[in-house]
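Undergrad: One structure is given below, represented as structure tokens, and several questions about it will come after.
The values are calculated or read from the model by the stated rules, or taken from the named source; none is laboratory data. Note that the coordinates shown come from a computational prediction; the quantities given were computed from them, not determined experimentally. In this analysis, Cβ positions are derived from the backbone assuming ideal geometry, glycine residues included, and neighbour counts consider all displayed protein chains.
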Amino acid sequence: MAMQTELVDGAREVALGILGASAFTYWIVAALSGIAFGLMNAMLPAQGLSLLFLPFIASGGVAGPYVLGRIGLYLAADYKSNIVLSVTFGMVLVTIVLTLITRIFYAAIAVQKLDLEDRQQEAIVRKFGRGASWPAPRDE
């Protein structure tokens, strides 16, 4: 029971540390999130991904200064410069992780699609013989 209480207290401390960021931090997160959203919306083939990524990127931006401060890594001597760099670092790190997760997800879908196509091709060969192909070639 004591370990559970320590875990809850630790989680509460982390949450309050992240949510207790300064107003300057939140303004920087909002500005950089808006820029990131605009860039992703313009460059990604699926605009829904930019909407899906936005809350995670903003969360990474808010958590960046807290995490870097906890491990004692300060990217600049000036407070405001450190906040901007920490927020940017958090956002970039989350973007990299989300991109990797998305790539793995797309690869899993591609493997399933190839497996389905192979099974369909095998069924056609069993039904019509070796020379058959799917989809059937078009007569032009």
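Undergrad: Here's a check for you: in segment 22-68, which residue that is aromatic (Phe, Trp, Tyr) and under 17 Å from the mean Cα position of the chain (by Cα) is modelled with the highest pLDDT?
TA: Among those that are aromatic (Phe, Trp, Tyr) and under 17 Å from the mean Cα position of the chain (by Cα), it is Phe56.
Undergrad: I need the full set of residues from segment 43-66 which are buried (at least 18 other Cβ atoms within 10 Å of the Cβ) and under 15 Å from Thr25 (Cβ atoms), in order please.
TA: Across segment 43-66, the qualifying residues are Ile57, Ala58, Gly60, Gly61, Val62, Ala63, Gly64, Pro65, Tyr66.
Undergrad: Mind listing whichever residues of segment 1-44 are of a type in the set (Val, Ile, Thr) and either within 18 Å of Ala58 (Cβ to Cβ) or in contact with a strand residue (DSSP E or B) (Cβ under 8 Å, 6 or more places away or on another chain) (or both)?
TA: Matches in segment 1-44: Val14, Ile18, Thr25, Ile28, Val29, Ile35.
Undergrad: Return the residue satisfying two criteria in turn: it lies in segment 13-38 and is of a type in the set (Gly, Ala, Ser) and without any contact (Cβ under 8 Å) to a residue 40 or more places away in the chain, and of such residues it is surrounded by the fewest Cβ atoms within 10 Å (Cβ to Cβ).
TA: Out of the qualifying residues, it is Ala23.
Undergrad: Of everything in segment 69-105, what is among the charged types (D, E, K, R) and either modelled with pLDDT of 90 or more or over 11 Å from the mean Cα position of the chain (by Cα) (or both)? Give them in sequence order.
TA: Result: Arg70, Asp78, Lys80.
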